[in-house]
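Peer 1: Pasting in a structure now, in structure tokens, and then I'll have a few things to ask.
Read-outs: derived from the displayed coordinates by stated rules, not from any lab. Predicted, not measured: the structure shown is a model, and the values here were computed from it. Methodologically, a virtual Cβ is constructed for each residue, glycine included, from the backbone with ideal geometry; neighbour enumeration extends over all protein chains shown.
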Amino acid sequence: MAKKGRKSTSLGKVGRVERERRYNKFITFGTILVVGIVVAVIIVGTILEGYIHPNQPVAIVAGEEILTREFQARVTFRRAQLVNEYYNYYQLLQMLDPSTQAQLQSRMNLIQYQLDPYTIGQSTINGMIDEIIIKQEAQEREIEVTEKEMDELLETLFNYFPDGVPTPTETPTTAPTSTFSTTQLALVTLTPTPTTTPTATLDPEAELEVDTDSTPTATIGLVTPTVEPYTFDDYQEDLQGFFEFQNSEYNVTEEDIRAMFEAQLYRQKLLEVITADLPHGQDMVWARHILVEDEQTALEVLNRLENGEDWVELTVEYSIDTTNAERGGDLGWFNLTAMVPEFARVAFNIQLGEVSDPIQTNFGWHIIQVLGHEMRPLTLQEYSAYQQEEFILWLGQVRLTYEYELMDYWENRIPDEPTLLQIPSQ
């Protein structure tokens, strides 16, 4: 009996050892399997993020793909521009008097809004869709962008002018003037004329008068500073440094940057063709208004005007448009599209000197008086803005004729770097 007991105990010990061996083997295999799965996931993720996703389209426009890597490079580049612009405004803000900071602060708030991932992603993808449409429309008109034009644009951006600094060729445009009627002159006198404080000016053509009696007889030699010429090698070094910085900091390649500049040139060339026949004058109205918050107040103001009270005094008393209340609500000259449709429709259809009934817009309730209405020549700046406006309208119509598709995953591919670091509050 004793022998049998010893044998049973020995067998039990062997069984436990075998179970422990099998358990340890299972744990080892399990660990290897888990590690293998993790490594596989990392490898697959790396392949997806590094090779597959970047070459997937986020949009297809008329058969042409916008790849993820192209889209991400464009968003990243734009984010970097906005971040740098924000910091420049912030530094300038510290040097300004608090009373003059509002405009800068408003611009900084706008930049923060533009840096929202969806906002910047949406504007960027729309812009890239427009670029494909513009390029195709340009090529249909046999418009091409050459390598020479690309090189010249880059040289200009770096202030490298191998043939000398170009002389401006734009001819100054005389500001439009009008001959006012008796009615207009009567209306104009109701608007206070801003006064200016005379300031001393230095005439560069005037000779400098020197009091020879008080001039020292000793001659002081003036050293003329020498400026090293900006050579082609200097330009190439700066250009390559710019490309390398963008690539190392933001993963934006030279090819990406050149594509942006090429799109800019195609847009400008096509704009010039599309707007070639635009007139250099526009039907414009000169008007002033009194803006109030509700219809009852507007009717009260209108009643006082009809009883002969002064427009300017009522503007100062009532108008909530602080940008022009002190000058009688004067809006200057504007074209049909410069104002909201409800306002423009009235301003362009009432007679000279006529005071409108109260009209409602998103800004409140307006009373409008027209001071002038005529065809006016445009300044260079006004004409350029007119061209841009008409080109955008044309592009919007053409875009409706193109087929394009946004991929379901495009929003998940929007970069959120670089971003703003926390800045101390004012």
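Peer 1: Output the peptides 306-312, 135-141, 261-267 sorted from most to least packed, where packing is the average of other Cβ atoms within 10 Å over each peptide's residues. Numbers along the way, then the final one.
Peer 2: Details: 306-312: 12.3, 135-141: 15.1, 261-267: 17.3.
Descending packing order for the listed peptides: 261-267, 135-141, 306-312.
Peer 1: Another question, then. When Lys and Arg each count +1 and Asp and Glu each count -1, what net charge do the other residues less than 12 Å away from Val346, Cβ to Cβ, add up to?
Peer 2: Values: positive: Arg345; negative: Glu342, Glu354, Asp357.
Taking every other residue near Val346 into account, the sum is -2.
Peer 1: Let me ask something else. Which whole-Hz couplings ³J(HN,Hα) result when phi for each residue of region 141-157 is put into the Karplus expression 6.51 cos²θ - 1.76 cosθ + 1.60, θ = phi - 60°, listed in order with x for Gly and Pro?
Peer 2: Per-residue couplings from phi come out as 9, 6, 8, 10, 10, 8, 4, 4, 5, 4, 4, 5, 5, 5, 4, 5, 5 Hz.
Peer 1: Give me the net charge for the shell around Ala80: Cβ to Cβ below 15 angstrom, other residues only, Lys and Arg +1, Asp and Glu -1.
Peer 2: -3
Peer 1: Which far-off residues, 5 or more places away or on another chain, put their amide H under 5 Å from the one on Thr361, with H placed in the peptide plane?
Peer 2: Result for Thr361 returns His366.
Peer 1: Ok, one more. Output needed for region 301-409: three equivalent-ellipsoid semi-axes, defined as square roots of 5 times the C-alpha gyration tensor eigenvalues, in descending order, whole Å. Please report the intermediate quantities before stating the final value.
Peer 2: Working: eigenvalues 263, 64, 35 Å².
Square roots of five times the eigenvalues give 36, 18, 13 Å.
Peer 1: What is the distance in Å between the Cα centroid of region 367-424 and that of region 269-327?
Peer 2: For region 367-424 versus region 269-327, the Cα centre distance is 24 Å.
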